[in-house]
Amino acid sequence: TIPRAAINKMIKETLPNVRVANDARELVVNCCTEFIHLISSEANEICNKSEKKTISPEHVIQALESLGFGSYISEVKEVLQECKTVALKRRKASSRLENLGIPEEELLRQQQELFAKVSE
């Protein structure tokens with residue numbers, strides 16, 4: 001199931017000045033879970049029909065379209081692009097460290113040396 005704390009946070013961010021009954025929150029959690037199951041199942045069927053073994057973002061987008069949620073696709077594509085950008089930045093950051101050519105043990109030693117200097 002989806003963590004209730006996450007749903008509660010989203011509700012508060014979306015509707016900051018509105019009180020929501022606990023059973024209404026529970027209903028939102030159940031709706032979210034059902035929506036995820038529906039999209040996942042449809043994306044899996046599309047994936048299988050295209051003889052792939054891994055569900056891709058394109059399969060999810062096709063699932064949204066085939067289930068009548070086409071109005072969400074432009075926003076979904078924006079979020080997907082943001083995720084790709086963040087992932088690329090992470091990869092670049094980790095490869096920068098690897099490209100230094102300095103072993104991790106040496107970097108750790110240098111870091112400890114700097115900490116020692118600061119604490120003096």
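Can you tell me which condition residue 120 does not meet? The list is (1) open to solvent by 70 Å² or more (accessible area, probe 1.4 Å); (2) touching a His at 6+ places or on another chain (Cβ under 7 Å), and all the others hold.
Among (1) open to solvent by 70 Å² or more (accessible area, probe 1.4 Å); (2) touching a His at 6+ places or on another chain (Cβ under 7 Å), residue 120 violates only (2).
Those residues that are open to solvent by 90 Å² or more (accessible area, probe 1.4 Å) and assigned to a loop (DSSP other than H, G, I, E, B), I need them from segment 1-60; list them, please.
1, 16, 17, 19, 51, 52, 53, 54 - these are the residues of segment 1-60 that are open to solvent by 90 Å² or more (accessible area, probe 1.4 Å) and assigned to a loop (DSSP other than H, G, I, E, B).
Which pairs do you get when a residue that is assigned by the TED database to the domain that holds residue 35 and in contact (Cβ under 8 Å) with a residue 24 or more places away in the chain, found in segment 64-91, comes within reach of a residue that is assigned to a helix (DSSP H, G or I) and open to solvent by 100 Å² or more (accessible area, probe 1.4 Å), reach meaning Cβ atoms under 7 angstrom, with the pair 6+ apart or on two chains?
The qualifying pairs are 64/72.
Is it true that residue 50 is farther than 20 Å from residue 80 by Cα and of a type in the set (Gly, Ala, Ser)?
Considered against the rule, which asks whether it is farther than 20 Å from residue 80 by Cα and of a type in the set (Gly, Ala, Ser), residue 50 comes out as yes.
Within segment 8-42, which residues are under 17 Å from the mean Cα position of the chain (by Cα) and either of a type outside the set (Ser, Thr, Tyr) or over 17 Å from residue 61 (Cα atoms) (or both)?
9, 10, 32, 33, 35, 36, 37, 39
Within segment 80-96, is there a residue that is farther than 28 Å from residue 3 by Cα, within 21 Å of the chain's Cα centre (by Cα) and among the hydrophobic types (A, V, I, L, M, F, W, C)?
Yes, segment 80-96 contains a residue that is farther than 28 Å from residue 3 by Cα, within 21 Å of the chain's Cα centre (by Cα) and among the hydrophobic types (A, V, I, L, M, F, W, C).
The values are calculated or read from the model by the stated rules, or taken from the named source; none is laboratory data. Since this is a predicted model, take the numbers as computed values, not measurements. Backbone-built Cβ (ideal geometry, glycine too); neighbour counts: all protein chains shown. Ligands, DNA and RNA are excluded from the accessible area calculation, which covers all protein heavy atoms including side chains. Shrake-Rupley method; radii C 1.70, N 1.55, O 1.52, S 1.80 Å.
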